[in-house]
1. Which members of region 40-51 meet the condition of being more than 16 Å from the chain's Cα centre (by Cα) and either surrounded by 17 or more Cβ atoms within 10 Å (Cβ to Cβ) or not in a helix (DSSP H, G or I) (or both)?
2. Within 16 Å of the chain's Cα centre (by Cα) and either in contact (Cβ under 8 Å) with a residue 24 or more places away in the chain or closer than 22 Å to residue 168 by Cβ (or both): is that true of residue 125 in this structure?
3. How about region 135-149: which of its residues are out of contact with any helix residue (DSSP H, G or I) (no Cβ under 8 Å at 6 or more places or on another chain) and outside any loop (DSSP other than H, G, I, E, B)?
4. State all residues of region 82-117 that are crowded, with 18+ Cβ neighbours inside 10 Å and at positive phi; if no residue qualifies, say none.
5. Taking only region 169-185 into account, find how many residues are modelled with pLDDT under 95 and closer than 26 Å to residue 103 by Cβ.
6. For the structure I just gave you, tell me whether residue 297 is surrounded by 15 or more Cβ atoms within 10 Å (Cβ to Cβ) and assigned to a helix (DSSP H, G or I).
7. Taking the conditions exactly as written (part of a loop (DSSP other than H, G, I, E, B) and free of Cβ contacts under 8 Å to residues at least 40 places away in the same chain), does residue 168 satisfy them or not?
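The values are calculated or read from the model by the stated rules, or taken from the named source; none is laboratory data. Predicted model only: the values in this text are computed from it and were never measured. Please note: Cβ atoms are built from the backbone with ideal geometry, for glycine as well, and neighbour counts cover all protein chains shown.
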């Protein structure tokens with residue numbers, strides 16, 4: 001066994017040992033299905049304490065250099081993720097920071113920016129949100145109109161961002177805005193702006209109530225918000241390039257592996273867990289599980305889940321990777337659609353009972369909630385249609401559609 005392989009085995013054993021005694025117990029209050037569903041300070045603090053503990057134990061930021069608060073072990077984050085998932089650990093709340101802001105700062109930031117922002121981002125001490133989408137610029141991200149004008153050595157920013165997850169709790173926002181109205185892509189620049197400290201002084205955060213009744217999304221109004229030039233990430237006019245780095249990592253195809261853990265609640269909503277639901281739900285005088293059509297649909301979902309699991313195993317083996325972006329981009333597309341189809345079938349199994357909430361509902365009403373939330377996942381980081389275009393053009397080499 002090589003020294004590197006030996007170190008990986010030892011690290012995996014250390015992760016497993018630490019997790020065996022440190023995964024937090026389920027609290028006596030309701031936890032959300034995922035980080036973008038966090039709606040109360042109580043939920044946030046519980047999950048932030050978990051991220052802080054995991055970071056101190058060396059399970060978060062493994063791939064980042066030590067001078068930026070990381071573990072200095074490239075390729076080890078994937079091991080930590082696998083062990084956290086096997087231990088059924090909770091998810092981390094700082095999803096935007098870990099999956100988007102962190103990689104953007106690492107690849108495009110100055111030395112001072114990396115040292116300032118990355119350590120508290122990895123530990124969860126500072127929460128981040130993403131200022132990309134606007135009312136008139138969703139899938140056409142390059143059409144953003146939030147404008148930053150230069151005044152001496154400062155920037156004054158005004159505009160309107162929407163669908164901003166975690167903005168109600170965020171300390172910082174990664175912000176894509178326009179600095180030149182004469183160019184579309186080359187007229188964009190990328191900034192790091194304060195959210196919490198600028199409330200009432202150029203920043204207004206308004207919750208958006210979803211059909212689930214949750215308020216994980218927000219709209220953020222920027223009104224003459226002043227920031228220094230040190231808030232700019234990369235050069236003026238290079239915002240599109242930084243945004244592509246951000247999106248590449250959000251889709252799971254970047255060079256830095258996002259620290260993740262699969263929550264027990266989201267795992268409980270997998271296709272395999274539909275079996276118990278199908279046995280409990282009735283179709284006339286028999287269980288829904290005895291209906292051959294429903295059984296076939298359930299098995300098809302389980303096949304898709306198993307295929308995704310094997311694709312993730314394949315992605316970890318360089319010799320089996322024919323294109324660096326194929327499997328990560330494919331995984332985002334297929335997993336989000338699998339989650340949606342699984343939750344849809346669950347609602348069909350429950351029938352009229354899927355309209356119930358709380359203790360009266362099957363599985364506590366988690367399946368209908370998962371179905372309503374699933375549309376956000378097929379839209380976020382690029383809609384399924386956009387993802388298919390990217391796979392076709394960049395991976396398969398097909399001609400661009402007009």
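1. Passing the criteria: 40, 43, 46, 50.
2. no
3. The answer is 143, 147, 148, 149.
4. Selection gives nothing.
5. Summing the residues that are modelled with pLDDT under 95 and closer than 26 Å to residue 103 by Cβ in region 169-185 gives 3.
6. Yes: the conditions hold for residue 297.
7. No.
Yes/no per residue for (1) buried (at least 17 other Cβ atoms within 10 Å of the Cβ); (2) touching a strand residue (DSSP E or B) at 6+ places or on another chain (Cβ under 6 Å); (3) outside any loop (DSSP other than H, G, I, E, B):
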| site | (1), (2), (3) |
| --- | --- |
| 185 | no, no, no |
| 191 | yes, yes, yes |
| 224 | no, yes, yes |
| 227 | yes, yes, yes |
| 236 | yes, yes, no |
| 242 | yes, yes, yes |
| 252 | yes, no, no |
| 259 | yes, no, no |
